[in-house]
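Participant: Please find one structure pasted underneath; my questions will follow.
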Amino acid sequence: MNRILISFVFILFSSNIYSQDNYLKLPRTETNCPTIIIEKDIIANENAIGTTKELITEISVLKDKPNRKDHKFFNLTENGIVFVSLKKKIAYKKQSELNDFFGIEKNNEVYINGYLIESSDYKIATESIIEVELVEPNSENKLKSKTINIWTLTKEERTNGCEKQNVN
């Protein structure tokens, strides 16, 4: 009996440790596109950066999976993150503003490209918003209430993925 009890406790402990490392995302979210974060708190896509390298003051890439409790961007790292600093200002909307616009409680959860944004500090670059999807709770997504999923990826990128580009 003790052996069974010890095994049960071990299994619960082990599963709890690894469950903290799961990404919180909507069902059928599959992409290889990295998340782009401008100025440490604005989620964007390549359109917001522009095509001229002169506007970029700094760029760094995170490929590894960081620790969830130490990094508020943890849930956005499944495909890596590209951090960018620019010489230009980026227009953005706060998550609460987007929720309010779509008639949802201001402090409601927001998803970006299918991934939950775990920190309310993040903003969304307005020129990067390609589509906003209103997601109703159901048995598959297990949401508690309506939420919005903001797409910064084109339908082609969602289906076929993003091209891998070399950063020089």
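The values are calculated or read from the model by the stated rules, or taken from the named source; none is laboratory data. Values in this document were obtained by computation on a predicted structure and should not be read as measured data. As a convention, Cβ positions derive from the backbone with ideal geometry for all residues, glycine included, and neighbour counts pool all protein chains shown.
Participant: Ser96 - would you say it is more than 23 Å from Asn22 (Cα to Cα), without any contact (Cβ under 8 Å) to a residue 40 or more places away in the chain, surrounded by 15 or more Cβ atoms within 10 Å (Cβ to Cβ) and among the hydroxyl-bearing types (Ser, Thr, Tyr)?
Facilitator: Yes, satisfied.
Participant: Give the number of residues within region 67-94 that are under 16 Å from Tyr115 (Cα atoms) and in contact with a Ser or Thr (Cβ under 6 Å, 6 or more places away or on another chain).
Facilitator: Final tally of qualifying residues: 3.
Participant: Just a yes or no: is a residue in region 72-88 touching a helix residue (DSSP H, G or I) at 6+ places or on another chain (Cβ under 9 Å) and in a loop (DSSP other than H, G, I, E, B)?
Facilitator: Within region 72-88, one or more residues are touching a helix residue (DSSP H, G or I) at 6+ places or on another chain (Cβ under 9 Å) and in a loop (DSSP other than H, G, I, E, B).
Participant: Please go through region 14-53 and pick out each residue that is at pLDDT below 85 and not in a loop (DSSP other than H, G, I, E, B).
Facilitator: Ser14, Ser15, Asn16, Ile17, Tyr18, Ser19, Lys53
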